[in-house]
1. Enumerate by residue number the GluC sites (Glu not before Pro) in the range 194-297 meeting two conditions: DSSP loop (anything except H, G, I, E, B), and at most 12 other Cβ atoms within 10 Å of the site's Cβ.
2. In whole percent, what relative contact order does the chain give with Cα contacts below 8 Å and a gap of six or more residues?
3. Residues in the range 90-122, backbone N under 18 Å from the label point at THR42 (7 Å along the Cα-to-beta-carbon vector): list them, ranges by number please.
4. Rounded, prolate or oblate: which fits the range 109-219 when a ≥ b ≥ c are the square roots of the eigenvalues of the alpha-carbon gyration tensor, with rounded for a/c under 1.5 and prolate only if a/b beats b/c?
5. In what sequence, highest mean first, do 55-62, 249-256, 209-216, 294-301 appear when ranked by Cβ atoms within 10 angstrom?
6. Express the relative contact order of the range 154-305 as a whole percentage, based on alpha carbon pairs under 8 Å and six or more residues apart in sequence.
7. Taking R0 as 25 Å, what FRET efficiency do you get between THR52 and ASP185 from their Cβ-Cβ distance, rounded to the nearest 0.05?
8. For TRP63, TRP105, what's the fewest-to-most ordering of other Cβ within 10 Å of each Cβ?
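Read-outs: derived from the displayed coordinates by stated rules, not from any lab. Please read these numbers as outputs of a predicted model, since none were measured by experiment. Quick reminder, even Gly has a Cβ in these numbers, built from the backbone with ideal geometry, and neighbours come from all protein chains shown.
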Amino acid sequence: MTGGTPLRSLDEDELLGRILPGFPASKDLVVAPGDDAAVLHTSGRVIATTDTVVLGRDWLDAWSSGADIGHKVVAQNLADVAAMGGHPTGVLVTLVADPELSLEWVLDHVRGLAEACLAAGVAVLGGDLSSAPAGVVMVSVTALGRLDGEPVLRSGARAGDVLAVRGSLGLADAGLRLLQADTVDLLPVAVERQRRPEPPLAAGPEAAAAGATAMLDLSDGLLRDGGRIARASRVVIDLVPQALAPDVAALSGALGAEAALDCVLAGGEEHSLLATFPTGSLPEGWRAIGSVRDPAGGEAPGIVVAGRAVAHTGWDHFRDA
């Protein structure tokens with residue numbers, strides 16, 4: 001990250017001149033980045049969400065390149081748009097960095113951002129640059145999206161619904177564990193998922209159109225995020241162990257059965273979609289992994305596995321920091 005050409009050797013306009021040409025544009029842009037603000041055409045409801053990643057907290061340079069971080073921060077934001085049932089339309093990008101950060105890292109990061117945005121069909125609308133104390137690098141992305149119908153909230157799950165997932169479970173956390181143990185060759189697909197998540201963006205609007213009653217993206221683990229749906233909807237979600245068995249088996253060879261189960265139940269950064277649907281309305285590509293019921297007498301809303309509470313909690317940004 002250091003070495004090469006330090007950012008302090010360029011002024012802000014020179015740096016922007018190197019960055020902006022690397023970003024994709026959009027037909028919705030009336031005024032592209034370069035003025036005080038971008039201007040874009042909009043109609044109907046607009047979704048807005050933001051996420052920030054920090055060097056040393058959310059990534060290590062030994063594990064991830066600048067391009068990897070570009071892909072990852074775009075993916076996690078666009079997944080939030082999809083989880084509301086929306087279509088991503090554009091992102092705003094902020095870089096806060098030590099002036100000794102290398103220009104080469106920044107340009108590599110821009111390449112990753114651009115690749116992720118092009119793959120999703122979204123534009124980079126603008127953003128901000130700021131210097132930071134020694135060693136500090138932070139990247140923040142704000143994503144915008146178009147909502148054609150009603151938003152799919154966390155609070156709409158109903159007794160009798162089916163809980164379903166679109167995408168993988170536990171791969172990203174497995175990849176993190178393999179990176180930490182320096183055993184990446186045991187399951188390269190998991191390491192790649194940790195570095196570059198692949199949220200099923202088109203599945204969000206499709207789920208909304210199919211009647212999804214609640215939805216979110218799996219950023220903090222199946223139990224933690226599923227519990228958020230349960231508590232917001234005032235229901236109990238019961239996971240079916242047999243439905244999760246293939247996910248556990250896929251990781252067991254590299255991690256062992258116990259760690260594999262922990263990844264599937266509590267592993268974060270997956271950015272698959274988790275949703276509830278009325279019985280019989282599961283869209284293609286989704287798989288049922290549980291059911292929704294009303295709390296029994298004295299039972300609190302929450303998530304259980306085969307009717308039993310479990311100790312796994314998933315990632316918490318402050319308790320686990």
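1. GLU284
2. The normalised contact order for the chain reaches 22 percent.
3. Zone members listed by number: 90-94, 122.
4. Oblate is the answer for the range 109-219, as a/c is 1.5 or above yet b/c matches or exceeds a/b.
5. Values: 55-62: 14.1, 249-256: 18.2, 209-216: 21.0, 294-301: 10.2.
Those peptides, ordered most packed to least, come out 209-216, 249-256, 55-62, 294-301.
6. Values: 338 pairs, mean separation 68.2, N = 152.
It rounds to 45 percent for the range 154-305.
7. After rounding to 0.05, the efficiency reads 0.20.
8. Listed from fewest to most nearby Cβ atoms, that is TRP63, TRP105.
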